[in-house]
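Colleague: This is the structure I have questions about; it appears just below.
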Amino acid sequence: MIMKNKVFIVFFAFVLFSLSSKASHKVYLVHGYAGLGIELEKINRTIQNAGFISEIYYYPSLTEDVDRVGKELLSKIQHENYDSVSFVTHSLGALVVRSIYQHLDSTVRFPFIHRFVMIAPPNNGSPIADFWAQFGFVKYLVGPIVDNLTTNPITGSQKYPKPKCEVGIIAGSTGRRVGYNIFIVGDNDGLVPVESAKLGTEQDLTLVNSSHVSLVLNKKVVNNVLSFLEYGKFLNK
């Protein structure tokens with residue numbers, strides 16, 4: 001009887017240790033400019049059904065700029081204290097997460113960033129933002145974030161650090177020389193040119209025949225997001 005009790009105690013201790021030492025991981029989904037967040041619900045449900053802990057991060061994109069939102073997200077993640085995190089973003093959301101890297105160094109407590117899936121990211125800015133940013137009154141209508149979306153290398157999208165984690169980019173494309181918006185040079189999703197979505201350091205990139213807004217609801221996009229979170233690569237293109 002004593003031997004059985006000892007075996008049970010050892011087994012219970014092993015199980016308890018295994019559970020307590022298991023690394024925790026969370027995926028944060030960040031919506032784009034003027035987004036409501038609900039447009040990411042299909043992706044959120046899919047990755048949760050696959051076993052991921054995830055949450056859609058909501059923020060007021062019409063009133064706050066990228067840097068402030070990034071600081072607020074950084075603080076939230078630090079408070080939740082997961083061992084590692086991954087990100088899934090749509091459009092402007094990619095810049096929000098990239099802005100976090102401005103505050104990370106060896107002295108800052110922050111989880112290990114594992115993978116980062118960017119959907120239609122304006123990594124090098126959008127010519128649409130360039131057009132509207134030249135009118136001062138526009139900022140009163142659409143918010144200060146318009147400056148963050150421009151192609152200006154000093155004040156626009158390019159000023160944010162490139163992620164040091166595994167990055168996968170999904171861009172909207174027609175597959176032709178002319179995109180969804182004929183006023184944008186080159187293939188595009190209606191708002192972001194394919195070339196502007198690229199970082200040059202991404203681990204994988206795939207093009208999906210879909211417009212900017214519709215990408216997050218596209219089944220191929222949803223499946224590719226899950227594939228990259230699980231394996232670090234997209235499905236067969």
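The values are calculated or read from the model by the stated rules, or taken from the named source; none is laboratory data. What you are looking at is a predicted structure, and each value in this text was computed from that prediction instead of being measured. Neighbour counts are summed over all protein chains in view; Cβ atoms, including those assigned to glycine, are modelled from backbone coordinates with ideal geometry.
Colleague: Filter segment 46-81 for residues that are in a helix (DSSP H, G or I), small (G, A, S) and surrounded by fewer than 17 Cβ atoms within 10 Å (Cβ to Cβ) and give the result. Break it down stepwise before answering.
Modeller: First, pick out the residues of segment 46-81 that are in a helix (DSSP H, G or I): 46-49, 66-80.
After this cut, where a residue has to be small (G, A, S) as well, the list is 70, 75.
Within segment 46-81, S75 is the sole residue that qualifies.
Colleague: Given (1) farther than 29 Å from V194 by Cα; (2) over 17 Å from the mean Cα position of the chain (by Cα); (3) surrounded by 15 or more Cβ atoms within 10 Å (Cβ to Cβ), where does H25 come up short, assuming only one miss?
Modeller: Tallying (1) farther than 29 Å from V194 by Cα; (2) over 17 Å from the mean Cα position of the chain (by Cα); (3) surrounded by 15 or more Cβ atoms within 10 Å (Cβ to Cβ), H25 fails exactly one: (2).
Colleague: Then there's this: Is there a residue being modelled with pLDDT under 95, part of a helix (DSSP H, G or I) and more than 19 Å from the chain's Cα centre (by Cα) anywhere in segment 183-190?
Modeller: For segment 183-190, residues modelled with pLDDT under 95, part of a helix (DSSP H, G or I) and more than 19 Å from the chain's Cα centre (by Cα): absent.
Colleague: Applying the selection to segment 68-93, what residues are in contact (Cβ under 8 Å) with a residue 40 or more places away in the chain and not β-branched (V, I, T)?
Modeller: First, the residues of segment 68-93 that are in contact (Cβ under 8 Å) with a residue 40 or more places away in the chain: 73, 77, 80, 82-93.
L73, E80, Y82, D83, S84, S86, F87, H90, S91, L92, G93, listed by residue number.
Results for (1) farther than 26 Å from L215 by Cα; (2) in contact with a His (Cβ under 9 Å, 6 or more places away or on another chain), shown as yes or no for each residue.
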{"position": "S75", "(1), (2)": "yes, no"}
{"position": "Q78", "(1), (2)": "yes, no"}
{"position": "N81", "(1), (2)": "yes, no"}
{"position": "T89", "(1), (2)": "no, yes"}
{"position": "G93", "(1), (2)": "no, yes"}
{"position": "V97", "(1), (2)": "no, no"}
{"position": "H103", "(1), (2)": "yes, no"}
{"position": "F116", "(1), (2)": "no, no"}
{"position": "D130", "(1), (2)": "no, no"}
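Colleague: Any residue at all in segment 57-70 that's of a type in the set (V, I, T), modelled with pLDDT of 95 or more and within 12 Å of the chain's Cα centre (by Cα)?
Modeller: So far as segment 57-70 goes, no, none of its residues is of a type in the set (V, I, T), modelled with pLDDT of 95 or more and within 12 Å of the chain's Cα centre (by Cα).
Colleague: Turning to a different aspect of this structure: Taking into account only those residues within segment 219-236 that are touching a strand residue (DSSP E or B) at 6+ places or on another chain (Cβ under 6 Å) and more than 21 Å from E41 (Cβ to Cβ), which is surrounded by the most Cβ atoms within 10 Å (Cβ to Cβ)?
Modeller: Out of the qualifying residues, it is F234.
Colleague: Could you list all residues from segment 158-175 that are within 12 Å of I119 (Cα to Cα) and of a type in the set (A, V, I, L, M, F, W, C)?
Modeller: V167, I169, I170, A171
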